[in-house]
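What follows is a set of notes on a single structure, which appears directly below.
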Amino acid sequence: MKVSGLNAKTTKEQSIELTWKSQSGVKGYYVEKYDAKSKKYKLYKKVKKNSVTVSDLTPSTSYKFRVRSYAIINDKEYCGKYSKAFKAKTADVKVNKSKISSVKAKTGAFTVSWKNAEDVNGYQIQYSASSSFSSAKTISKKKTGKSTVEGLKGKTTYYVRVRAY
């Protein structure tokens, strides 16, 4: 029999829990994950029940899976047909928001400070003369909680925001 009902019960940043309709009279299931490099499905795990958590995945990435059942009859293994390929995406990375702790202005420049977040690669500072951030300029910084922006027009109000990545 062909496995049906393959679905993602939960998706997290680095794992996907797959479930499917159980079949009677089977010993277990082969769960295969598509390998983009070799362009082939590879065995991920052999399981006894109709669910598995696939782990060690990359956040915000799509993966393809398929499942088939197997039974043992007279000491010989028989496999069912593969399920339809199922595509699931891991959850996006949740980054703690970076909160600006201070902005100090001086003629033609400002210094912005913020509290560092854990497990981030760096920060983007955006500033604009418009509160809608139309035509905003962006500066990227690695692992720092402070940045000075110079070369600005005097007597202009600037809006500033910081985000972690």
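Placing +1 at every Lys and Arg Cβ and -1 at every Asp and Glu Cβ, with all other atoms neutral, what dipole size does the chain have around its Cα centre, in debye to the nearest 20?
On the way: 37 positive and 11 negative charges, 45 e Å.
Its charge dipole is roughly 220 debye.
Within the range 1-50, report the GluC sites (Glu not before Pro) that DSSP leaves as loop and that have at most 16 other Cβ atoms within 10 Å.
Passing both the DSSP loop test and the Cβ count: Glu13.
Please find the FRET efficiency linking Ile100 to Ser15, where r is the Cβ-Cβ separation and R0 is fixed at 30 Å, and quote it to the nearest 0.05. Before the final figure, lay out each step's value.
Details: r = 34 Å, r/R0 = 1.12.
The value I calculate is 0.35.
Going down the table (Lys12/Lys84; Lys37/Lys143; Lys12/Lys46; Lys48/Lys84; Lys99/Lys141), which pairs top 25 Å between alpha carbons? Display every interim value, and only then the final one.
Values: Lys12/Lys84 23 Å; Lys37/Lys143 33 Å; Lys12/Lys46 22 Å; Lys48/Lys84 20 Å; Lys99/Lys141 15 Å.
With Cα atoms farther than 25 Å apart: Lys37/Lys143.
Extending each Cα 7 Å along its Cβ direction at Tyr82 and Lys137, get the distance between those two points in nm, one decimal.
5.4 nm
Report P(r) for the range 108-149: all Cα-Cα distances, bin width 5 Å, range 0 to the bin holding the largest distance, values in whole percent.
5, 20, 28, 23, 16, 7, 1
Bin width 10 Å, alpha-carbon pairs only: give the P(r) of the range 1-73 as whole percents, running from 0 to the bin holding the largest distance.
Going out from 0 Å in 10 Å bins, the range 1-73 shows 19, 51, 25, 4, 0 percent.
Take the Cα of Ile72, step 7 Å along the line toward its Cβ, and report every residue of the range 18-33 whose backbone nitrogen sits under 16 Å from that point.
Label zone hits: 25-30.
Quote the Stokes-Einstein diffusion coefficient, in whole µm² s⁻¹, for the chain, based on the Kirkwood radius over alpha carbon pairs, a temperature of 25 °C and a viscosity of 0.890 mPa s. Don't skip to the end; give the middle numbers.
Values: Rh = 19.8 Å.
In µm²/s, the coefficient is 124.
Here, each number is a calculation from the coordinates, and none is a lab measurement. Because the structure is a prediction, the values reported are computed rather than measured. Counting neighbours? That spans all protein chains shown, and the Cβs are built from the backbone with ideal geometry, glycine included.
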